[in-house]
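Asker: The following block contains the structure, expressed as structure tokens.
The values are calculated or read from the model by the stated rules, or taken from the named source; none is laboratory data. These numbers were taken from a predicted model, which means no experiment stands behind them. Quick reminder, even Gly has a Cβ in these numbers, built from the backbone with ideal geometry, and neighbours come from all protein chains shown. Surface accessibility is based on the protein's heavy atoms, side chains included, excluding ligands, DNA and RNA. Shrake-Rupley method; radii C 1.70, N 1.55, O 1.52, S 1.80 Å.
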Amino acid sequence: MIEVNGFSAKQIGRRIREEMSRQNISVQQMANDIFFGTNSIYRLWSGKVYPSLYSAVIIADYLGLSLDY
């Protein structure tokens, strides 16, 4: 399994899912708020892709997270 800075795509996706759940944010709501497609968010959730740096910054800011998690 490929990792970036010690994190697999699945771990990153799980962290995004967990935080969205904690904040009661739906995929549709997040997609609308940050102008991403719902499919893009689902692909991140599933660990099929790593977020680009741009996407990671946007998602972290939206969820109130730090990228050095």
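Asker: Report the residue count in the stretch 14-53 for those that are touching a helix residue (DSSP H, G or I) at 6+ places or on another chain (Cβ under 7 Å) and at positive phi.
Answerer: Result for the stretch 14-53: 1.
The rows are residues; the columns are (1) open to solvent by 20 Å² or more (accessible area, probe 1.4 Å); (2) under 17 Å from Ser8 (Cβ atoms).
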residue	(1), (2)
Arg22	yes, no
Asn39	yes, no
Leu44	no, yes
Val49	yes, yes
Ser52	yes, yes
Ser55	yes, yes
Ile59	no, yes
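Asker: Which residues, taken from the stretch 42-59, are at pLDDT below 95 and under 14 Å from Glu19 (Cβ atoms)?
Answerer: Leu44, Trp45, Pro51, Ala56
Asker: Under 6 Å between Cβ atoms, at least 6 apart or on separate chains: pull out the pairs that start in the stretch 33-47 with a residue that is part of a loop (DSSP other than H, G, I, E, B) and end on any residue that is open to solvent by 40 Å² or more (accessible area, probe 1.4 Å).
Answerer: Matching pairs, first to second residue: Gly47/Lys10.
Asker: Take the stretch 24-37 and flag every residue that is surrounded by 14 or more Cβ atoms within 10 Å (Cβ to Cβ) and of a type outside the set (A, V, I, L, M). Outline the logic, then answer.
Answerer: At the first step, the residues of the stretch 24-37 found to be surrounded by 14 or more Cβ atoms within 10 Å (Cβ to Cβ) are 25, 27, 30-31, 34, 36.
Correct list: Phe36 only.
Asker: Considering the stretch 19-33 alone, what residues qualify as being among the charged types (D, E, K, R) and over 13 Å from Gly64 (Cα atoms)? Quick ask: steps written out before the conclusion?
Answerer: Applying the first criterion (among the charged types (D, E, K, R)) to the stretch 19-33 yields 19, 22, 33.
Answer for the stretch 19-33, where residues must be among the charged types (D, E, K, R) and over 13 Å from Gly64 (Cα atoms): just Asp33.
Asker: Could you please give the count of residues in the stretch 6-32 that are within 15 Å of Ile58 (Cβ to Cβ) and not in a helix (DSSP H, G or I)?
Answerer: Residues in the stretch 6-32 being within 15 Å of Ile58 (Cβ to Cβ) and not in a helix (DSSP H, G or I): 1 in total.
Asker: Hey, could you check the stretch 3-20 for residues that are among the charged types (D, E, K, R) and in contact (Cβ under 8 Å) with a residue 12 or more places away in the chain and say which is least open to solvent (accessible area, probe 1.4 Å)? Quick ask: steps written out before the conclusion?
Answerer: Step one: filter the stretch 3-20 for residues among the charged types (D, E, K, R), giving 3, 10, 14-15, 17-19.
After this cut, where a residue has to be in contact (Cβ under 8 Å) with a residue 12 or more places away in the chain as well, the list is 10, 14-15, 17, 19.
On the way: Lys10: 114, Arg14: 105, Arg15: 55, Arg17: 85, Glu19: 10 Å².
Ranking the qualifying residues of the stretch 3-20, first place goes to Glu19.
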